[in-house]
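Below is one structure; the comments refer to it alone.
A short reminder: the numbers here are calculations on the coordinates, not readings from a lab. Small disclaimer: the values here were computed from a predicted structure and weren't measured. Reconstructed Cβ throughout: ideal geometry from the backbone, glycine too, with neighbour counts over all protein chains shown.
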Amino acid sequence: MVGKYVTLMDSYVSVNLALRHAAAANGVGVDIKWVESEDLEGISRSEQARRILESSHGIVLPQGYGKRGTEGKIWTADYARRQMKPLLGLCFGFQLSIVSFARNVLGLKEANSTELESQTPDLVIDLLPEQKGVSNKGGTMRLGGHDISVQKPSKAFEIYQSKTVRGRHRHRFELNQKYMQQLEDAGMRFSAFSDGGRRAEILELKDHPFFMGTQYHPEYCSRPEYPEPMFMAFMKAAIEERRAKGKKLQVAAASV
């Protein structure tokens, strides 16, 4: 678990359990490694942290908020892209995967989220329009279940086998769709939407074994008897990575 809550492992208990549900359903165990996200930042990047990522068969970027440690998460998303390593980004992880791609593939070096740097010229992640007049933050996020329309054909449709899924949400920021065409022209596809197309919900990379992100929280819907399909697909990709390396299955879950 790569993040600032590495000493409080229950901070992401839903993600941990969803990984274990998917592992059990695939007949494997899962070894979750923990790394401090700040250890993956800049010239002080820890070789030990890098070795954990290198030895892992999949990387998860779970939810979070706040600026500390985010550059390590952005670097991790680019590392997974370049190394063709399975990656699953959840909510904030979805958003920072977009920031990473915008910087490193589109060449928008100052791309960022309004949450982290409001003065950047390329706000690829911006505040939801209905949030711009909100001053009282308590309980005002976009919350709860929303129907999500999945495009066909897509990897997302292959995973869910349905044109409509239900996803639970807890976020205040989203993809700035002004950048969507640039991102898609460069190889990042947005394959599911909600609210009549206003909200991008799933991203996937072309020509990558498994690089996906969800604005919603699939971990909240996972159960031991019914592992959530996105986690199932991620675990299968990690198993394929393990087979290629011939080692015990390990997952590095990155969060802030």
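Extending 7 Å from Cα along the Cβ direction at R82 and again at A244 yields two label points whose distance is 1.6 nm.
Between Q181 and Y226, full extension at 0.36 nm per residue minus the direct alpha carbon distance yields a gain of 12.7 nm. Near V13, once Lys and Arg are set to +1 and Asp and Glu to -1 for all other residues with Cβ below 11 Å from its Cβ, the sum equals -1. Computed from backbone phi, the HN-Hα couplings of segment 19-26 come to 5, 5, 4, 5, 5, 4, 5, 9 Hz, rounded to whole numbers (Karplus: 6.51 cos²θ - 1.76 cosθ + 1.60, θ = phi - 60°; Gly and Pro given as x).
Which value in deg cm²/dmol, rounded to the nearest 500, describes the helix-derived mean residue ellipticity at 222 nm for the chain, given -39,500 (n - 2.57) per DSSP H run of n ≥ 4 and division by the residue count?
Values: 7 runs with 78 residues, N = 256.
The per-residue figure over the chain is -9500 deg cm²/dmol.
Summarising the amide proton neighbourhood of N176: residues at separation of 5 or more, or on other chains, whose placed amide H is nearer than 5 Å comprise I125, D126.
Full extension of the chain between D207 and A24 yields a length gain of 63.1 nm, computed as 0.36 nm times the residue separation minus the alpha carbon distance. Of all beta bridges that DSSP places with both ends in the chain, some 60 percent have antiparallel geometry.
Give me the net charge for the shell around H146: Cβ to Cβ below 9 angstrom, other residues only, Lys and Arg +1, Asp and Glu -1. Numbers along the way, then the final one.
On the way: positive: R142, R166, R168, R199; negative: D147, D195, E201.
Neighbourhood net charge equals +1.
Residue-wise HN-Hα couplings along segment 228-240, as the Karplus relation 6.51 cos²θ - 1.76 cosθ + 1.60 with θ = phi - 60° gives them from phi, are 5, x, 5, 5, 4, 5, 4, 5, 4, 5, 5, 5, 5 Hz; Gly and Pro carry x.
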